[in-house]
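Just passing along the structure, written as structure tokens.
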Amino acid sequence: MKSLSFIVVLALALVAGASTWFYMNRILRAQQIADAVAHGRPRGNLSDLYPRWLGARELLLRRRNPYSAEITREIQRGYYGRPLDPARADDPKDEQGFVYPVYVVFLLAPTVSLPFDVVQGGFRWLLLALAVVSVVLWLRVLRWKVSCRTMFVIIVLMLGWLPMVQGIKLQQLSLLVAGLLAASGACLAGGWLSCAGMLLALATIKPQLVWPLVLWLVAWAVSDWRSRRNFVIGFALTMLLMLVGSELLLPGWPRMFLQAIREYHRYTQNQSVLVWLFGAIPGRILETVSVLGCAVCVWRVRRETATSAVFGRGVGLVLALTVVIVPMFAPYNQVLLAPAILALLWGEIRRDPVLPAVRLARMAGGILLAWPWVATMALSVACLWWTPSLREKLWPMPFYSNFMMPVFVFGLALMDAWGPGPRNLREDAARE
């Protein structure tokens, strides 16, 4: 990247990222506060880490059941500022129960004796660091060698990406899971199979975000068991230790966890991106088709070594599938799209041969990806003149691409897996 073009691109990336943070801190927050005042909605610390931290503290220090109704009410006092009242129609519907496997407390154990304000601040810095490191790790998984300047621009864009910023603001554990997955993939690419399995097991603190990748990587390992068995052994032993430790800590917790999941889906009524876009029956059909299409593609590359770019693209494809089929559509989960987006960007830079229709679809996907930055920059300028009523109408603009963008990324990654891209990557690797 030449000096002048690098300065221009970096300046644009910095402005785009700054506009996202400005939007989250000054525009979206102001709208949420105004809406809460107008409807009498409570506002506490609103940290997604807090329910998990409080549940871990009470279990480890006082042996109280984190799934109990009493702990849920205590969580609500901190998260919302008071317990929710079902009689109030405008109260939030999300009860903020402890809806995680018990073994998440092992990751949070070092923090339970600290004040939550300290934990909250430290966790924000951890998520920022993971955002930076994950770029380096995913590039390693994809075998994409970039200059330091290009990597710096990508890191700036990652730190100013709306899903990432929202996750950091909310202190969402999805970002921790994404970092663990990136580290696991990098360990696979580096040949540290046992470590990769351990990290993947730790990432199952949010099982709905991990199980598709677990299924594929286990199938990948079984296809060459002699050289890859350490990955499965590392994963299985770590899971066994966490499950046994959880049972000793809270006997019968799996039943409580499953009940908490049922309650969570009852009061949130979450659904997948595909179901939200296309309706229940068409959405379920599309989920099935997506799973089958992805399964065929990754089955074809199960013989690939973890050091190949084709394997990295397979990881990106499975994570993109996860985003469109899991029964939740919060933007922060889209951080899992990072490897697929990087792989598609690399293909564009390489000018891989594709059909004109695919090229057009990639352009549309690029517009959807860029839209939140365009919208936040426009709103950051417009807020100098607007009124509260105008803000109420325009604040959702950055989220307009929230549902279509994951679908486009998965569809493009799927077409890329079927196209000549993997063959070109193999040929390049052979020449090297």
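Inspect all residues belonging to region 96-111 and state whether any of them is outside any loop (DSSP other than H, G, I, E, B), closer than 21 Å to residue 176 by Cα, touching a helix residue (DSSP H, G or I) at 6+ places or on another chain (Cβ under 9 Å) and of a type in the set (Gly, Ala, Ser). I'd like the intermediate steps shown before the answer.
As a first pass, look at region 96-111 and keep what is outside any loop (DSSP other than H, G, I, E, B): 104-111.
Remaining after also requiring closer than 21 Å to residue 176 by Cα: 104-111.
Checking the rest, the ones that are also touching a helix residue (DSSP H, G or I) at 6+ places or on another chain (Cβ under 9 Å) come to 104-109, 111.
If we keep only those that are of a type in the set (Gly, Ala, Ser) as well, we get 109.
Among the residues of region 96-111, at least one is outside any loop (DSSP other than H, G, I, E, B), closer than 21 Å to residue 176 by Cα, touching a helix residue (DSSP H, G or I) at 6+ places or on another chain (Cβ under 9 Å) and of a type in the set (Gly, Ala, Ser), which makes the answer yes.
Let me confirm something: among 23, 50, which residue is surrounded by 17 or more Cβ atoms within 10 Å (Cβ to Cβ), aromatic (Phe, Trp, Tyr) and within 24 Å of residue 83 (Cβ to Cβ)? Talk me through it step by step, then tell me what you get.
On the way: 23 fails: within 24 Å of residue 83 (Cβ to Cβ).
Just a single option satisfies the conditions, and that option is 50.
All but one of (1) at pLDDT 90 or above; (2) touching a Cys at 6+ places or on another chain (Cβ under 9 Å); (3) of a type outside the set (A, V, I, L, M, F, W, C) hold for residue 391; state the number of the condition that does not hold.
(1)
With respect to residue 18, is the statement that it is within 25 Å of the chain's Cα centre (by Cα), part of a helix (DSSP H, G or I) and among the hydrophobic types (A, V, I, L, M, F, W, C) true? Give the derivation first.
Numbers: within 25 Å of the chain's Cα centre (by Cα): yes; part of a helix (DSSP H, G or I): yes; among the hydrophobic types (A, V, I, L, M, F, W, C): yes.
Considered against the rule, which asks whether it is within 25 Å of the chain's Cα centre (by Cα), part of a helix (DSSP H, G or I) and among the hydrophobic types (A, V, I, L, M, F, W, C), residue 18 comes out as yes.
So if I check each of 333, 270, which one is closer than 24 Å to residue 372 by Cβ and surrounded by fewer than 19 Cβ atoms within 10 Å (Cβ to Cβ)?
Working: 333 fails: surrounded by fewer than 19 Cβ atoms within 10 Å (Cβ to Cβ).
Result: 270 is the single residue among 333, 270 that is closer than 24 Å to residue 372 by Cβ and surrounded by fewer than 19 Cβ atoms within 10 Å (Cβ to Cβ).
Quick check on residue 316: is it touching a Gly at 6+ places or on another chain (Cβ under 8 Å), assigned to a helix (DSSP H, G or I), in contact (Cβ under 8 Å) with a residue 60 or more places away in the chain and surrounded by 19 or more Cβ atoms within 10 Å (Cβ to Cβ)? Full working, then the answer.
Values: touching a Gly at 6+ places or on another chain (Cβ under 8 Å): no; assigned to a helix (DSSP H, G or I): yes; in contact (Cβ under 8 Å) with a residue 60 or more places away in the chain: yes; surrounded by 19 or more Cβ atoms within 10 Å (Cβ to Cβ): yes.
Considered against the rule, which asks whether it is touching a Gly at 6+ places or on another chain (Cβ under 8 Å), assigned to a helix (DSSP H, G or I), in contact (Cβ under 8 Å) with a residue 60 or more places away in the chain and surrounded by 19 or more Cβ atoms within 10 Å (Cβ to Cβ), residue 316 comes out as no.
Is it true that residue 92 is touching a residue at least 12 places away in the same chain (Cβ under 8 Å), within 26 Å of residue 246 (Cα to Cα) and not in a helix (DSSP H, G or I)? Give the steps one after another, and end with the answer.
On the way: touching a residue at least 12 places away in the same chain (Cβ under 8 Å): yes; within 26 Å of residue 246 (Cα to Cα): no; not in a helix (DSSP H, G or I): yes.
Taking the combined requirement at face value, the residue does not satisfy it.
For region 336-364, give me the residue count where each residue is assigned to a loop (DSSP other than H, G, I, E, B) and either in contact with a Gly (Cβ under 7 Å, 6 or more places away or on another chain) or crowded, with 16+ Cβ neighbours inside 10 Å (or both).
Residues of region 336-364 assigned to a loop (DSSP other than H, G, I, E, B): 351-355.
Next, from what is left, pick out any that are either in contact with a Gly (Cβ under 7 Å, 6 or more places away or on another chain) or crowded, with 16+ Cβ neighbours inside 10 Å (or both): 352, 354.
Number of matching residues: 2.
Sort out which residues of region 81-106 are hydrophobic (A, V, I, L, M, F, W, C) and surrounded by 17 or more Cβ atoms within 10 Å (Cβ to Cβ), and write them in order of number. Show your work before the answer.
Step one: filter region 81-106 for residues hydrophobic (A, V, I, L, M, F, W, C), giving 84, 87, 89, 98-99, 102, 104-106.
Passing the criteria: 84, 98, 99, 102, 104, 105, 106.
Answer yes or no as to whether residue 12 is on the phi < 0 side of the Ramachandran plot, surrounded by fewer than 14 Cβ atoms within 10 Å (Cβ to Cβ) and either not β-branched (Val, Ile, Thr) or not in a helix (DSSP H, G or I) (or both). Explain how you work it out, then say what you get.
Values: on the phi < 0 side of the Ramachandran plot: yes; surrounded by fewer than 14 Cβ atoms within 10 Å (Cβ to Cβ): no; either not β-branched (Val, Ile, Thr) or not in a helix (DSSP H, G or I) (or both): yes.
Against the criterion (on the phi < 0 side of the Ramachandran plot, surrounded by fewer than 14 Cβ atoms within 10 Å (Cβ to Cβ) and either not β-branched (Val, Ile, Thr) or not in a helix (DSSP H, G or I) (or both)), residue 12 does not qualify.
What number of residues within region 175-210 satisfy the criterion of being closer than 22 Å to residue 163 by Cβ, surrounded by fewer than 22 Cβ atoms within 10 Å (Cβ to Cβ) and without any contact (Cβ under 8 Å) to a residue 24 or more places away in the chain?
Summing the residues that are closer than 22 Å to residue 163 by Cβ, surrounded by fewer than 22 Cβ atoms within 10 Å (Cβ to Cβ) and without any contact (Cβ under 8 Å) to a residue 24 or more places away in the chain in region 175-210 gives 0.
OK, next. Just to verify a result, which residue in region 365-413, among those that are within 19 Å of the chain's Cα centre (by Cα) and among the β-branched types (Val, Ile, Thr), is surrounded by the fewest Cβ atoms within 10 Å (Cβ to Cβ)?
407
Kindly evaluate residue 171 against the criterion of being out of contact with any His (no Cβ under 9 Å at 6 or more places or on another chain), in contact (Cβ under 8 Å) with a residue 40 or more places away in the chain, on the phi > 0 side of the Ramachandran plot and not small (Gly, Ala, Ser).
Answer is yes for this residue.
Given the criteria among the small types (Gly, Ala, Ser) and touching a Ser or Thr at 6+ places or on another chain (Cβ under 8 Å), does residue 129 qualify?
On the way: among the small types (Gly, Ala, Ser): yes; touching a Ser or Thr at 6+ places or on another chain (Cβ under 8 Å): no.
Considered against the rule, which asks whether it is among the small types (Gly, Ala, Ser) and touching a Ser or Thr at 6+ places or on another chain (Cβ under 8 Å), residue 129 comes out as no.
The values are calculated or read from the model by the stated rules, or taken from the named source; none is laboratory data. On a predicted model such as this, the values are computed, not experimentally measured, just so you know. All Cβ positions, even for glycine, are placed from backbone atoms using ideal geometry, and neighbour counts span all protein chains on display.
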